[in-house]
1. Out of the residues in segment 33-46 that are in a loop (DSSP other than H, G, I, E, B) and in contact (Cβ under 8 Å) with a residue 12 or more places away in the chain, which is surrounded by the fewest Cβ atoms within 10 Å (Cβ to Cβ)?
2. Please work out which residue is farthest from the chain's Cα centre (by Cα), limiting yourself to segment 5-32 and to residues that are assigned to a strand (DSSP E or B) and charged (D, E, K, R).
3. List every residue pair whose Cβ atoms lie under 6 Å apart, where the two residues are 6 or more positions apart in sequence or sit on different chains, the first residue falls within segment 1-21 and is in contact (Cβ under 8 Å) with a residue 40 or more places away in the chain, and the second residue, located anywhere, is exposed (fewer than 12 other Cβ atoms within 10 Å of the Cβ) and not in a strand (DSSP E or B).
Amino acid sequence: MPLYTYVCKQCGEKRKVLMKIGERAPKCSVCKGEMEKQIPLIANTHGSQGTSCSSSSCSSCSGCST
């Protein structure tokens, strides 16, 4: 079962919940309000410049530019 993070729309309470895919969102345990699933952010762990190569093996290419 996936672990989801939910945040209450009314009071801002955060909660991590193990749920089946497609299961209804839980109610807030603090105020009983509606909770919204948070979308995880994916970090770029390789930096922002990418990689480059010093030479090309094909004649139609000028080498890697990224």
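What follows is calculated from the coordinates using simple rules that are stated; it is not laboratory data. From a predicted model like this one, the values you see are computed outputs, not experimental measurements. Every residue, glycine as well, gets a Cβ built from its backbone with ideal geometry; the counts of neighbours run over all protein chains shown.
1. Restricting to residues being in a loop (DSSP other than H, G, I, E, B) and in contact (Cβ under 8 Å) with a residue 12 or more places away in the chain, the top hit is Pro40.
2. Lys27
3. none
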